[in-house]
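The values are calculated or read from the model by the stated rules, or taken from the named source; none is laboratory data. Please read these numbers as outputs of a predicted model, since none were measured by experiment. Because the Cβ atoms are built from the backbone with ideal geometry, glycine has one as well, and the counts that use them run over all protein chains shown. Quick note on the areas: whole protein, heavy atoms, side chains included, nothing else; ligands and nucleic acids left out. Shrake-Rupley method; radii C 1.70, N 1.55, O 1.52, S 1.80 Å.
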Amino acid sequence: MATRAIKFGFNHMVCPSLTPEALVEAAAAAGAAAIELRNDIGANSLGDVETARRVGAKAAERGLAVRSLNALYPFNVWSDERARQTEALARLAAACGAEGLVMCPLNEGRMLEDSAEKAAGLRAALRGVRQILGDFGLAGFVEPLGFPRSSLRFKRDAVAAIDDVGGADRLSLAHDTFHHRGAGEDAFFAARTGLVHISGLEDPTIGFADMEDGDRVLVGPKDRLGNVEQLRRLYADGFDGIVSFEPFARAVHDLADPIAAVRASMAHVSAALAAS
């Protein structure tokens, strides 16, 4: 690990108060390789094609990839409305030069039981999304959510469904270290992983089945999620993509200088991997 150069990404959730253009500048100044834009952070969401083109051009000028637009939700509840939503997001993603869309499943305590109907619905959704993404030349990053209320918790189920629809040419996994630990999943699918999201949990009073997005801080020495161990395993198994910071905690967003905190987390993760 000592010689590996980690390709860090800045998900816009590192500091939602930044405009997309300011996110580009912050990521470039910190030495990141990519950014992820979002459609769910209020006024700074990517919401129109003109802004998307402007931000994409600025990212290219600063040598940054736009890895994704985050996120299509709930991708696995397919309908005419979801198809229109997918097409609208795909158009924005293409306009900013993004490589793909992050796809998140229904996370509302419904569709929890395994059933033939649920399995068929997931596969129908993957077929529909894949077709639209193909029209725009985009990839899809399927991100199982590890919450007990999530309708798709496990990466193994996502991989099986992707294979059933012949979608591996366009669909891969987003491995989220928070959700991996929350689901209690042991399986890693490095060869099927197109993107990694990292965040930490430090509060010792929170159980892994009870943690929420608001608990997600940056990765530091007190991290309980095993981010470094998860990355070590992914790299050992052949992953070589973007590792993108995605802290949701207000404790991070309300810092006087959250980007400085991200830089410190970059240094910590890099040092910890180099020492392993």
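Taking the criterion of being part of a loop (DSSP other than H, G, I, E, B) and either among the polar types (S, T, N, Q) or closer than 18 Å to Asp213 by Cβ (or both), the residues of region 254-276 that qualify are Asp254, Leu255, Ser276. Is it the case, given these coordinates, that Leu92 is under 21 Å from the mean Cα position of the chain (by Cα), open to solvent by less than 30 Å² (accessible area, probe 1.4 Å), in contact (Cβ under 8 Å) with a residue 40 or more places away in the chain and under 20 Å from Val165 (Cα atoms)? Taking the combined requirement at face value, the residue does not satisfy it. Cβ separations smaller than 6 Å between residues 6+ apart or across chains give the following pairs from region 234-253 residues that are over 12 Å from Pro16 (Cβ atoms) and part of a strand (DSSP E or B) to residues that are open to solvent by 10 Å² or more (accessible area, probe 1.4 Å) and of a type outside the set (Phe, Trp, Tyr): Ile242/Lys7; Ile242/Arg67; Val243/Ile6. Suppose we filter region 43-63 for residues that are in contact with a helix residue (DSSP H, G or I) (Cβ under 6 Å, 6 or more places away or on another chain) and not small (Gly, Ala, Ser); how many remain? Qualifying residue count, region 43-63: 6.
Residue-by-condition table, conditions (1) at positive phi; (2) open to solvent by less than 50 Å² (accessible area, probe 1.4 Å); (3) of a type in the set (Val, Ile, Thr):
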residue: Ile206; (1), (2), (3): no, yes, yes
residue: Asp210; (1), (2), (3): no, no, no
residue: Asp223; (1), (2), (3): no, yes, no
residue: Arg233; (1), (2), (3): no, no, no
residue: Asp237; (1), (2), (3): no, no, no
residue: Asp240; (1), (2), (3): no, no, no
residue: Val252; (1), (2), (3): no, yes, yes
residue: Pro258; (1), (2), (3): no, yes, no
residue: Leu273; (1), (2), (3): no, yes, no
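All of Gly184, Gly128 fail the test of being touching a helix residue (DSSP H, G or I) at 6+ places or on another chain (Cβ under 9 Å) and surrounded by fewer than 22 Cβ atoms within 10 Å (Cβ to Cβ), apart from Gly128. Within region 156-180, the set of residues being over 15 Å from the mean Cα position of the chain (by Cα) and either open to solvent by 10 Å² or more (accessible area, probe 1.4 Å) or of a type outside the set (A, V, I, L, M, F, W, C) (or both) comprises Arg156, Asp157, Val159, Ala160, Asp163, Asp164, Val165, Gly166, Gly167, Ala168, Asp169, Arg170.
Considering each residue of region 58-75, count those that are in contact (Cβ under 8 Å) with a residue 12 or more places away in the chain, open to solvent by 10 Å² or more (accessible area, probe 1.4 Å) and more than 14 Å from the chain's Cα centre (by Cα), and give that number.
Residues meeting the conditions: 7.
Among the residues of region 98-123, just one is of a type in the set (A, V, I, L, M), buried (at least 16 other Cβ atoms within 10 Å of the Cβ) and either farther than 16 Å from Leu145 by Cβ or without any contact (Cβ under 8 Å) to a residue 12 or more places away in the chain (or both), namely Ala98.
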